[in-house]
Structures are given as structure tokens and as C-alpha cells.
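Reviewing the structure listed below.
We did not get these values from a lab; they are worked out from the coordinates using the rules stated. None of the values given here were measured: they were computed from a predicted structure. Here the Cβ is made from the backbone with ideal geometry for all residues, glycine too, and neighbour counts use every protein chain on show.
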Amino acid sequence: MIDAFYIFTKGGLLLWSTQLVKVKGNPLDRLIKEVLLEERVGETFATLDSYNLKWKLLNEMDLFFVVVYQGILQIAYLEGLLTMVAKEFVHHLGNGFGAGMTIKHVEFDQDFLRCRQKADKELKDSRRQGGMRSFENTKKGADVQKNREEKGLPAKKSKSGADGEKDDEDEEDAAAKVAEARAKPSKVKAKDAEPPKPKKGKEARHWDGGKASKSLMQELDFSKNQLDEADLAAKQAEFLGSGDEFEAEEVASLSSGSDEDKKEETGRVGGLFKSLTRQVKNVTGGAVLTEEDLEPILKKFKTELMTRNVAAEVADKLSDSVRKSLVGKTTGRFTSMASTVKQALKESMETLLTPKKSIDVLRAALAAKNAGRVYTIVFLGVNGVGKSTNLAKVAYYLKHKGGLDVLICACDTFRAGAVEQLKTHSRCLDVPLFERGYGKDPAEIAKSAIAHARSSGHDVVLVDTAGRMQDNEPLMRALAKLVAVNNPDLVLFVGEALVGNDAIDQVSKFNRSLVDLSADPRNPRGIDGMLLTKYDTVDDKVGAALSMVYVTGQPVVFVGTGQKYTHLRKMQAKEVAGAPEPPEIRSIDQIEAISHGLRRQGSRHFLPAQLRHGRLLRFAKIKLDTSNKTNIGKSGRPP
Amino acid sequence: METIRRASGSLEASLGLGSGTALALTWLVVLLSVYLSLQLFQVMSGSALKKRRSRGSAAMILGQCGAGKTALFFRLRDGEEAQTVSSLQPLRDSFALNAPQAPDQKLGPIEVLDFPGHMRMRGKCGDLLKEARCIIYMVDSEDKPKLKDVAEHFYELLTHPDMLELHVPILLACNKSDLSSARTEKFIVEEIEREIEQMRVSRGATLEGQDQAESYLGIDGEKFKMAEHACCPFQTCKISAKKNELEPVYDFLMQHYT
């Protein structure tokens, strides 16, 4: 069932581990690098290398507990085991743990075995009980029983009361009749109310050739199985009750109510004191963070993230991850909880946006040139995000900064004017263009372009593809074919910095199409990096970048910041993760770009961050007004 | 208190104000002057600190994932071999060192800082550079492809503003030298130098409008030599954390902590 179990510190010391079955590969290392370091601690389990991994984080001690298993296991069982082992392990370490790393080698085998046996036993028990819980075990059953016990006393009293009046007896008789008439339901109820009895196991019934002996018949006749008098009285008292009793009960409930009130009050006083201390600690620091403390703060930050154009799903997961990594931590001196959370969130955003691999395209291209290879970059993305424009920018960068011989390949054989657009760029940049007109298979064109580059000594081929929506399957298939056939060095997804929730849909679907339809299923090829365009038009720089990076795990290689060839930058993780920058709007073009983005995306992909920004829209309005006026003044006719 | 009351009395007399107003006014003046003097003190001390900025006190262990940083950390501290996994956060502790070659010489408590090697964490190590007195840079002698990343990290380190100011000495420790497929120190250093040379073409060509132009390493048109062109003292050595062959590291630490 369980393959392995690991206990390690955040500092990287493996305190204890056991492999019950030999584990192939290194799923633990992958877990750390691909899940825990990617701010995905908030997730509950991962599947890596055909193993399933589930983990628990003890923040107080910076300890991770990881269980590796194959196949399907009950989550409750695994959680139980993890909690049990964590408890046992902390107990085992005792106070010697200190700074969190004084233990060299821990003898924990015995304890682990015990934990496992206990967990297994619990699992078995729960399986045995698997079907239905007995009534006594349910909450209602407990209530009924409690009621019965409470009422048991007065009921007996009323019976033993020496009066023995006739009215009472009459009542009893009548009640008995009613009870008889409703024998069955009352019986059921009676059974319910009975104290827990060891159940008599079901016995096999003998059918002796269809004939039943008299004794057997009697045995089987349950209808005569009547309740005796005493029982009946008890039942009656229970189900009918007398007036006195009701009063008594009411009084009791009232008094108990006031009792509860009292308790609540004391609780409130205690709570007030507690919250006061918490408040003080919130200011002075040194408070241990709990789920309840973090919940409202994180909610606030989550909304802030969403208003900063981070996709809702990503904001959710990120705040989950931050929560998991903070619960149990102690806040520093004179830091409030809010600032602690803010710092943690900022740091995790920064970590996410820090590329985990080299994004130096120029260096990679130079290395390829030295090795005598042609370096190929494919640009892909949805329509109108600026693929061709930014391809031209990259061409300029590689040509002028790296001194490389660039070839542009026009594989947009679909949209009218696409090739002409590239032709203009190629003339401006003085970079050759490889084109085969419209309507041809883009994969073939790219292939011949690379062959041409190899024969004529070009160093870099930049392949422009047709824009397509992520849901258009035939087009995605064609794109996957292009990537599979040509195996480019870099697959760049071009996306707008303007998108919010749609960003993750776009990038994840592009990535999945490439992976699903790749030529070699064992070694799937996805997106290698992102190029964010129209970056200058958003004031909340972090939104789309964070969403896309979180979904793909790939870095943002470039950001496009304007209309000129030189307007290409590298993203600085630190800046972006920090406070939102004040809006900078330099030209009417930028506003047009925004409004274009809005129009194109339609109402489905509403852009709250852009629309909310009154300043931007006000600016746009003023600008448009003035431009209209000048138009009127010049031409002398209304626009 | 008495002085304040007297001052407020004199104020009351001279300006003809009510006693309450005068007292409040006096308090206000006193508090304001205290606040201003505090501010002044802060500014003064800040500028003074800036002038006399010196290196920190920690021995920093840097390197790529799997180079053996955490293993070295525990070797230095406990003298034992530790089972490690990829670190998720920095490890820091102060302890006395016992050099095996000179058992009588004890190295006072040193703060050792083991920083995770994962690329995602790398950005944060720049913030800690000012706390470092020396850097032990661990390299996996067996892993040639990783040297690209090492070179990139070196480029970032050597052009870091704190590094340029503080000249924190670096020891390039080629770990895992006990393995048969381990490369030599010379090979590793040359490989790094070659990579940096390639990189300075691309790094030197900063994109337009980049906020911080990264400085150019070495001298243009000349081959990049680590020992000559780095902004800090640079040494190399061959160690094995597994086999406990750590004499060069102890020597290096001796050098900087005595």
C-alpha cells in the first residue's frame, strides 16, 4: 500500500525515511522541486513518476511529512497516518529539537511501525463498520438516549406515586389501546430508545420442507410479543408525558438556557481578553498564526490580487499555499499579522516570477551558432495579441545586439495581409523573409525555411504562426504538427498583459494541445516561455504574468512595452511583485490598444482592472475629446 | 515635570493665555523637539553607517541544487554525514569549528548560512550578500551541464552591487572529487570562464530601456579570467563532503575568521 515515508526539514535535512518497497526514480526530489518550491503547498496531493504523494507541513518546526504510495488509498487513512506520525515524531523528538536541526539520525522505526499498525487497524475498523452506523452511534441516537435518561426519573416517580387514582388508570388503559393499535411504529420507536444492547446475531432459519412445527411458529409469531405493563407505563410517560413534566422540562430547559448564557458570557469575557491579547500581540509581534487569524487577512489579499488582474483560480491557490505555509508560524517582533502575510505573499509571488531556467535567448542563440546549429523560435498565441510585431522586436534584438543573421519565416498562411505585414517589417529591419504565400501547410513552410537557413548560413529562424483561438481544435492540431515536425529551440507563447481570467485558459489550452498532440508522447513538448505584449498599457503589472507563470511553470522571457522595435524588455521579478505602480500613459496609442483589447475580447472576458481605473478612462476621454476638436477645427466639418 | 510647569507658568504670564492652554502648548513644543531630535539622530546614524559599511559576519554556502551545500553544512557543524533533500529555505546556525588538521586550534563560533540552490530561490540570495564575510561556492564536479547555470549565477553574483562594493571573497569548492568521473578544478574554472565570456556578449547587450544595465565583466576584447577580472578574491579547491576531505574549506575559513 504505502511505498515510502519521508520526514525532512525545510532546511533540507532528511531526518528519517523508510522505503517499504523500492521506489523507482526520485519522486521526492520532484515533489520538492515541482510542487513545494512552486508555491503549490496548498494542494493536497501530487502524482509524479506513477507515484502518488501526500504531505503534511508542520510549520512550528518547519517539518515536512511525505507519504509515497501507489494506486488508490483512502484519503482519511493517509491523513490519519500523517497526523499520527507527525504527533508521534514531535513527541519522539521532545525538547531536543531546539533550533530545528540538532538531530542527526533519528530512531523512529519502531514508532512508525506502531503508527502504521494503528492506522491500519483504524482503516479495518472503519471498513467493518463501513455499511451503516448503528443508531446509538449517531448524534440523534445520543440525544434520544440522553432525553430518555433525563425523563426516566420523573416517569418512574409518577408511577410509584402512591395515589393510584382511577383517572390515571383509565388514561393508562386508553393509552395502552392506542399503543396496541400502533404497535408497530411504537415498537420501532421503543427499539430506538432502548439502551444499547449487544445485538443478537442473525441466525439461519430452517425451512424444513416447507412445514413448520408449532413451536417454531410460536417462535416466529412476533405479534404476541407484547410489552409488559411496566414497560408500557414507561413508554407512556415517555411519549405522552404529563402536564407537570412538561413544566418541569420547560423550567429545566430554561435554567439550562440561563446556564448556557452564563457560560457564554464567561466565554465572551475570556474571548474578549483573548482577543485583546491577540490584538496586542498583533502589534508587538510574537503571535502564533492560526487559520482563523489568517482567513480574513488572506481573503482581503485575495481580493486585492484579483483586482490586480490575477486570475481567480490562481489567486485562490496562491493564498491557499501562503496559508499552509504560515499556519503555526510565529510573527516577528513588531510585525502585525497583516504585514507578515503581505510579506509572505510578496515573497511567494517573487519566487514564482523568478525564472527557474535561463531566459537569455541571445546567449542560447550564440551558443547554437558556435555549435553550428540554426536556432529556431516559434511564436504562437491567440489572434491580435501582437505576435508579428514582437517577432520583429526580437529580430531587431538578435540582429543588432547579438550580431546574428536572422531569417523571418511567414507561416501565417491564413489571414489576409499577414505576409505583407511581415514583409514591411523585414524591409524596415533589413532582415530576409522566407514566404510561400497563402494557403500552404505552415509546418512544411517552416521546415523548408529552416533548411534554407542552414544552407544559406542564417543563424536564427523566427517562425510567425497564424493567431488562433485556444478552443479551435483543427488549428491547434496544425500548430502542434508545426512544433512536432520542426522541433524548435524555443516555443514562445505570446499573450497580452491585459487579460485576466482568460490568461490561464489560453495558455493552459495551448500548452495542453502541444503536449497532447506532440510527436513523441514520452517526451512531450510544451510552451517554453512567454512573451507578454501591451505591457505598458496595464498599471497592475503582475496580473497576467503571475497567472500564466503559475499555470505553465515557465518564465516570462520578454515583455513588449511599446510600438517601436526597441520596446522590448526583460521582466524584473522584484519590481513586478512589489506595490502596484502608478499608471503611466504616454500616448493615445496605448489607449487604443486597451480599447482594442476590450472590443476583441468581448463581454465574456471583462477586464475589471482596466475598466475600474477611472483615471485611465478619464484620460482617454479627454484625449479623444481634444482630438475630435482639432479635427473639427481643421476640416471644418463635424466628425 | 517641574521645569515644564515653570515654563508654562512663564508662558502664561508673558502671553496672557489661560493656564490650560499654556500647559498644552508647552507640552506640544517639548514633544515636537524630542521627535525632531530623534529624526535627526536617525539620519545622522544612517549616513554614518553608510560610510563605514563593511562585510557581514556569515560564511555563506552557495551553489546549485545537489552540489552538496547542506551536506557540507552538517559536515562542518556535526562532523557527520547527513542525508539531505533539496532545501526549501536557508539554514543558518552559529557554531565553533574544529579543524581536523589543527585540533588544538578552535575557530570561534561562526555563523554559517546554507542557501538553497534552486533557481527560483536564487533571486533572494542577493539580499543576503551584505551579511556574508566569505562565500563558499559549491560545484558538483561531475555535472558538466550544470556548469552553464553556475556560470550564469557567477555572472549575477559578480555584477551584484553589494558584491562590487564589499568584495566578498569566494572559494570555488569542487565537491564530489571522490567520484571517478569528477572533472578537474582547471576544467571547471575554464568552462565557467568560457560560459561567462559568451554571456557577456548577450548580457552586455541590454535591452532598450532596461532599468539597471548589468555591468560588463572583465575587459573588452580580452579573455575572461576569473582570478584576474572578478571583483573579489577568488580561490579554487577540490573537496569531498562525503569522504570528509574538507581541509581547504577549513583553511579558507581560518583565513577569514582569525
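With the cut-off at 32 Å, tell me which of the pairs A:K10/A:K357; A:K54/B:K146; A:K423/A:K574; A:K33/A:K440 have Cα atoms farther apart than that. Check vs 32 Å cut-off fails for A:K423/A:K574; A:K33/A:K440. Compute the Cα gyration tensor for the stretch A:2-128, then decide on rounded, prolate or oblate, letting a ≥ b ≥ c be the square roots of its eigenvalues: rounded whenever a/c is under 1.5, prolate when a/b is larger than b/c in the other cases, and oblate in all that remain. Here the stretch A:2-128 falls in the oblate category. Backbone amide hydrogens, once placed in the peptide plane, bring A:R468 within less than 5 Å of A:G381, A:V382, A:N383, excluding anything fewer than 5 places away on its chain. Its Cα centre serving as origin, the stretch A:264-353 has a Cβ charge dipole (Lys and Arg +1, Asp and Glu -1) of approximately 300 debye. Projected label points at A:V485 and A:Q563, each 7 Å from Cα along the beta carbon direction, are separated by 3.6 nanometres.
Ordering A:570-577, A:390-397 by mean Cβ neighbour count within 10 Å, with the highest value first, yields A:390-397, A:570-577.
Principal axis analysis of the Cα atoms in the stretch A:394-505 yields extents of 40, 29, 27 Å, listed in decreasing size. A full extension of the chain between B:N244 and B:L38 corresponds to an added length of 68.9 nm, given 0.36 nm per residue minus the alpha carbon distance. Put one equal scatterer on each alpha carbon of chain B, apply the Debye formula with no solvent term, and list log10 I(q)/I(0) at q = 0.07, 0.09, 0.14 1/Å to two decimals. With no solvent term, the Cα-only Debye profile gives -0.38, -0.52, -0.96.
Mean partner shielding of peptide B:77-83, defined as the number of other chain Cβ atoms within 10 Å of each residue Cβ, is 4.
Here is the tail figure for the stretch A:264-353: Cα pairs spaced more than 16 Å apart come to 56 percent of all pairs. The mean number of Cβ atoms from other chains found within 10 Å of a Cβ in peptide B:119-126 is 6, as a whole number. Take the Cβ atoms of A:C428 and B:T184, set R0 to 56 Å, and the FRET efficiency comes out at 0.65. In order along the stretch B:219-232, the Karplus-derived 3J(HN,Hα) couplings, from 6.51 cos²θ - 1.76 cosθ + 1.60 at θ = phi - 60°, round to 10, 4, x, 10, 5, 7, 10, 3, 5, 8, 9, 5, 7, 9 Hz, and Gly and Pro are given as x. Each of the peptides A:416-424, A:516-524, B:241-249 was scored by the mean count of other Cβ atoms within 10 Å over its residues; in descending order, highest first, they stand as B:241-249, A:416-424, A:516-524. Shielding by partners for peptide B:67-74, expressed as the average number of C-beta atoms from other protein chains within 10 Å of each residue's C-beta, is 2.
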